[in-house]
Amino acid sequence: MDTRQEKIIRQTDLDALSSRHSANKNGYFDPADPYIDDLIASYQNYLHYTGGYTSMSASRTVRSAFAERKLPIINRGTYLRTKAIDLAIERFLDQYEGKPTQIVSLGGGSDTRVFGLLEKYPDLVYHELDFPDSTKVKKLAIEANPRLAKAVGIDPGYTPTSVNNRAEWEAVEGDIHTSKYHLVGFDLRNLTTGIPYPHLDSELPTLIISECVLCYVSPEQAESILKYWMAAAKDSYFIIYEPISLGDAFGATMAKNLATRGINLMSFEAYPTIDSRRQWLEKCGMTEVAVDDIATVGGYTGFSWISNAELARINRLELVDEVEEIVMLYKHYVVCYGEHHR
């Protein structure tokens, strides 16, 4: 992947952070996410050192990402996406309550859920893999806040890494390794079956999360990545969140808009429907496969993943008139679940 394409994909992580920031600011997360501002500050301090940016372009990018007001449909969609994955994680952890488990987040980037989960579940080991530039930004955010450092198990009395110029940035090791947390700078496409990921305990129940990650590689590469983690753990569970095209005009417009930004979602058309996505995951070797769209998660098509009281709370936050538009958009995003046992 060339530097330009990697920059484009890393930019989508910044977009996701800005969306979570907006949803958080508007009261969607209850309790509020206390960690988002730490990641924003780290991006503000260090984005200009990452590949493809200058000081001017980085400043403009960050300012645009966090100053722009998000529409209610985006805030609500961000909430539903986050809530759906959180509920699936809770289901996995509750299944193994009191027993050691591990989570592998592919493209963990600016995601903040790791900190709360490690504080709440003492028997959990959490792994995050992403581009080295992204893990450096996260590492520096963690080291800048003693609470985050404590959450991931960094020993008290550590000395935060100092980065004041590009040479120091290049010299930074972007990984963190503690007894309960592994932050690893790595291109997922380089995972090779037969070469074990060194930090994984293959005997522990393992949840693999891919939140808008596999959609940026080819279907063949995505299948290879999934099969790598199936082989790596004795009992593996998967949560995958991605857009799908549904083969309709709305999906075509989505693809066109993304293409103007240089984004090519390779699985978007390859597996365009819920049924085709389910069949693909079964073909990859998963069992107990389930796929729901975000409209279903939010209760727009009848059954909801979320309680009536919680839905009533978020419905009071912002006025949303175009319900048909919401349903159409949310049907183009799916949460997939699957298992593999060997």
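Here are Tyr79, Tyr53, Tyr46: which of them is part of a loop (DSSP other than H, G, I, E, B) and either in contact (Cβ under 8 Å) with a residue 24 or more places away in the chain or out of contact with any helix residue (DSSP H, G or I) (no Cβ under 6 Å at 6 or more places or on another chain) (or both)?
On the way: Tyr79 fails: part of a loop (DSSP other than H, G, I, E, B); Tyr46 fails: part of a loop (DSSP other than H, G, I, E, B).
Just one listed residue meets the conditions, Tyr53.
Condition first: of a type in the set (Lys, Arg) and either open to solvent by less than 70 Å² (accessible area, probe 1.4 Å) or in contact with a His (Cβ under 6 Å, 6 or more places away or on another chain) (or both). Now tell me which residues in segment 165-192 satisfy that. Lay out the reasoning, then the answer.
Residues of segment 165-192 that are of a type in the set (Lys, Arg), as a first pass: 166, 180, 189.
Lys180 - this is the single residue of segment 165-192 that is of a type in the set (Lys, Arg) and either open to solvent by less than 70 Å² (accessible area, probe 1.4 Å) or in contact with a His (Cβ under 6 Å, 6 or more places away or on another chain) (or both).
Of everything in segment 87-107, what is open to solvent by 30 Å² or more (accessible area, probe 1.4 Å) and in a helix (DSSP H, G or I)? Give them in sequence order. Give the steps one after another, and end with the answer.
Quick first cut of segment 87-107, residues open to solvent by 30 Å² or more (accessible area, probe 1.4 Å) only: 87, 90-91, 94-100.
Of everything in segment 87-107, those that are open to solvent by 30 Å² or more (accessible area, probe 1.4 Å) and in a helix (DSSP H, G or I) turn out to be Leu87, Glu90, Arg91, Asp94, Gln95.
Okay, residues lined up against (1) among the acidic types (Asp, Glu); (2) within 20 Å of Leu317 (Cα to Cα); (3) buried (at least 20 other Cβ atoms within 10 Å of the Cβ):
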position	(1), (2), (3)
Ser19	no, yes, no
Asn24	no, yes, yes
Tyr28	no, yes, yes
Tyr43	no, no, yes
Gly52	no, no, no
Leu71	no, yes, no
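Looking at segment 108-145, which of its residues are open to solvent by 10 Å² or more (accessible area, probe 1.4 Å), more than 22 Å from Gly98 (Cα to Cα) and among the β-branched types (Val, Ile, Thr)?
Within segment 108-145, none qualify.
Rundown of residues vs (1) over 24 Å from Arg113 (Cα atoms); (2) open to solvent by 10 Å² or more (accessible area, probe 1.4 Å); (3) in a helix (DSSP H, G or I), yes/no style:
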position	(1), (2), (3)
Gln221	yes, yes, yes
Lys227	yes, yes, yes
Ile240	no, no, no
Leu246	yes, yes, no
Leu258	yes, yes, yes
Arg261	yes, yes, no
Phe268	yes, no, yes
Pro272	yes, yes, no
Glu288	yes, yes, no
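Within the group Ala232, Ala252, which residue is under 21 Å from the mean Cα position of the chain (by Cα) and either over 24 Å from Leu80 (Cα atoms) or at pLDDT below 95 (or both)? Outline the logic, then answer.
Numbers: Ala252 fails: under 21 Å from the mean Cα position of the chain (by Cα).
Every option except Ala232 fails the conditions.
For Leu204, are the conditions met, namely being surrounded by 16 or more Cβ atoms within 10 Å (Cβ to Cβ), in contact (Cβ under 8 Å) with a residue 40 or more places away in the chain and part of a loop (DSSP other than H, G, I, E, B)?
Working: surrounded by 16 or more Cβ atoms within 10 Å (Cβ to Cβ): yes; in contact (Cβ under 8 Å) with a residue 40 or more places away in the chain: yes; part of a loop (DSSP other than H, G, I, E, B): yes.
The answer is yes for Leu204.
Going through segment 290-328 one residue at a time, which ones are touching a helix residue (DSSP H, G or I) at 6+ places or on another chain (Cβ under 7 Å), closer than 20 Å to Ser210 by Cα and in a helix (DSSP H, G or I)?
Ile294, Ala295, Val297
The values are calculated or read from the model by the stated rules, or taken from the named source; none is laboratory data. None of these values were measured; they are calculated from a predicted model. Positions of Cβ are generated from backbone atoms using ideal geometry, with glycine treated the same way; all protein chains shown enter the neighbour counts. Accessible surface areas use protein heavy atoms only, side chains included; no ligands, DNA or RNA. Shrake-Rupley method; radii C 1.70, N 1.55, O 1.52, S 1.80 Å.
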